[in-house]
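Have a look at the structure below, then the notes.
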Amino acid sequence: MKNRDRKSRPPRGPREAPPQGRAKGYVLSPETVRMLELGHPWVIADAHTRRWPKGRAGDVVPLVEEGGRLVASALLDPSDRVVARVLGGGAVRLDGAWVRGKLESALALRRAHLDLSDTSAWRLVNGEGDGLPGLTVDCWGEHLMIQLFSAGWERHLELIADALWDLLSPRGIYVKSRPQQTRELAATGEGKRLSRLLRGAPRKARFAVREGGLNFLVDLEEGLDTGLFLDHRTTRRELAGRLAGKSFLNLFAYTGAFSVAAAAAGASRVTSVDVSESYLERARENFAANDLEACAHEFLAADCFEALKDLRRQGRLFDVVFFDPPSFSTTRRSTFTTRGGTAELTAASLVLLPPGGLLVASSNHQKTDLADYLKELRRGALQAGCELRVIGVGGQPADFPYPVTFPEGRYLKVVLAVKG
């Protein structure tokens with residue numbers, strides 16, 4: 001992002017100081033006290049929280065044990081399942097200096113540990129991993145996108161925008177609320193406009209961002225997601241290094257980021273499968289944005305399970321098969337859930353791999369840990385009647401940190417396995 005004269009900053013409207021909570025203490029159950037003392041940053045609604053003093057989303061409240069000892073300060077969100085998110089172990093004043101300190105720390109971590117060579121799309125704030133639970137900030141070229149996973153942050157947006165504007169001088173800042181019922185919104189089309197411009201100049205229509213020298217088209221104003229999943233950056237880079245001269249099947253292809261990476265790396269033929277023709281059209285646009293000939297590759301608009309059956313009937317084989325399904329998806333013919341469909345998806349994919357072929361399986365389902373995910377892959381291998389040997393396990397890149405005390409933060413699981 002370019003450093004521009006601070007005088008170009010848009011005028012700020014009046015802002016009342018953020019409330020710091022009106023009650024002396026919000027009493028926790030003994031079980032919740034133990035969880036917080038072990039470092040977990042969430043308070044889940046229970047019988048104790050139902051007796052809490054009335055408060056508003058965005059209040060900073062003291063969390064205390066039954067004897068009155070202060071355990072932590074937290075951001076309140078009374079209507080959410082996570083009714084409070086820990087901001088610190090002592091008293092916290094959520095003001096501009098506190099927010100700026102968190103952002104400076106997040107920026108320093110990335111400067112020290114993140115390789116952004118020829119890359120303009122990355123995550124600056126990863127919620128609990130950067131001490132700002134329930135909030136993320138992504139950099140898309142010269143624009144920023146704040147995402148709110150807790151309504152508690154809405155009242156503090158101006159503080160966050162002020163600090164971001166001063167630290168990074170973006171051309172514009174968007175904000176998007178992430179609703180709980182995203183699957184229903186996606187199905188009805190109501191999720192098309194969840195973001196709004198908070199400050200600065202808009203970035204209308206699709207535009208290209210860079211990732212490791214490749215171009216990907218993103219949209220900050222339409223849809224639940226921009227069109228590129230930043231948490232798979234290292235997965236794409238590492239997988240691309242294995243694909244020269246290989247045939248590659250990309251299931252649940254979305255806008256084709258993995259397909260583009262494969263084609264650019266010299267894959268002999270890339271087959272992209274997604275139930276959405278509009279997503280596949282965006283995948284073709286991503287091919288064109290990188291001067292790759294989409295006509296030299298294959299795009300199949302179909303339910304992935306139906307496509308796997310058709311490819312098997314045709315006797316097709318692929319050197320590498322990749323899948324990263326959404327945690328939940330529904331088509332007219334099938335319903336997929338991570339917990340209920342991974343084994344079947346694995347079995348159907350293995351049929352299309354020759355001995356020595358590579359399966360790359362991924363899940364972003366927060367409630368499924370790596371051990372359970374490997375069990376699902378094992379079930380799939382047994383269904384297919386073949387051996388499957390794990391040669392690598394991956395996850396989120398350095399700009400998606402998580403506390404070691406917060407297992408939910410390690411949501412992304414990527415397993416590389418060779419068919420025996």
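Under 9 Å between Cβ atoms, at least 6 apart or on separate chains: pull out the pairs that start in segment 64-77 with a residue that is in contact (Cβ under 8 Å) with a residue 60 or more places away in the chain and end on any residue that is among the basic types (Lys, Arg).
Hits for this filter: 75/85; 76/56; 76/85; 77/85.
For segment 71-106, enumerate the residues that are among the β-branched types (Val, Ile, Thr) and within 22 Å of residue 30 (Cβ to Cβ).
Within segment 71-106, 71, 82, 83, 86 qualify.
If I ask for residues that are surrounded by 21 or more Cβ atoms within 10 Å (Cβ to Cβ), part of a loop (DSSP other than H, G, I, E, B) and either among the polar types (S, T, N, Q) or out of contact with any Phe, Trp or Tyr (no Cβ under 9 Å at 6 or more places or on another chain) (or both), which ones from segment 215-233 would you list?
226
Listed here are the residues, each with its yes/no results for (1) modelled with pLDDT under 95; (2) of a type outside the set (Ser, Thr, Tyr); (3) within 19 Å of the chain's Cα centre (by Cα); (4) surrounded by 15 or more Cβ atoms within 10 Å (Cβ to Cβ).
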| residue | (1), (2), (3), (4) |
| --- | --- |
| 166 | no, yes, no, no |
| 169 | no, no, no, yes |
| 184 | yes, yes, yes, no |
| 193 | yes, yes, yes, no |
| 199 | no, yes, no, yes |
| 202 | no, yes, no, no |
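If we keep just the residues of segment 124-148 that are touching a helix residue (DSSP H, G or I) at 6+ places or on another chain (Cβ under 8 Å) and in a loop (DSSP other than H, G, I, E, B), which is surrounded by the fewest Cβ atoms within 10 Å (Cβ to Cβ)?
For segment 124-148, the residue satisfying everything is 131.
Answer yes or no as to whether residue 323 is at pLDDT below 95, under 20 Å from the mean Cα position of the chain (by Cα) and either within 16 Å of residue 384 (Cβ to Cβ) or of a type in the set (A, V, I, L, M, F, W, C) (or both).
When the stated conditions are applied, residue 323 does not pass them.
Which strands (runs of 3 or more DSSP E) does segment 236-310 wholly contain that include 1 or more residues that are out of contact with any His (no Cβ under 9 Å at 6 or more places or on another chain), open to solvent by less than 30 Å² (accessible area, probe 1.4 Å) and of a type in the set (A, V, I, L, M, F, W, C)?
247-251, 269-274
Just the residues that are under 30 Å from residue 105 (Cβ atoms) and open to solvent by 80 Å² or more (accessible area, probe 1.4 Å), please, taken from segment 379-404.
Scanning segment 379-404 gives 402, 404.
How many residues are more than 25 Å from the chain's Cα centre (by Cα), surrounded by fewer than 20 Cβ atoms within 10 Å (Cβ to Cβ) and modelled with pLDDT of 95 or more if we restrict to segment 329-351?
2
Please verify whether segment 361-374 includes one or more residues that are among the aliphatic types (A, V, I, L, M), open to solvent by 10 Å² or more (accessible area, probe 1.4 Å), assigned to a helix (DSSP H, G or I) and closer than 21 Å to residue 229 by Cβ.
There is at least one residue in segment 361-374 that is among the aliphatic types (A, V, I, L, M), open to solvent by 10 Å² or more (accessible area, probe 1.4 Å), assigned to a helix (DSSP H, G or I) and closer than 21 Å to residue 229 by Cβ.
The values are calculated or read from the model by the stated rules, or taken from the named source; none is laboratory data. If you're wondering where the values come from, they're calculated on a predicted model, not measured in any experiment. All Cβ positions, glycine included, derive from the backbone under ideal geometry; neighbour counts span all protein chains shown. All accessible areas refer to the heavy atoms of the entire protein, side chains included, with ligands and DNA or RNA removed. Shrake-Rupley method; radii C 1.70, N 1.55, O 1.52, S 1.80 Å.
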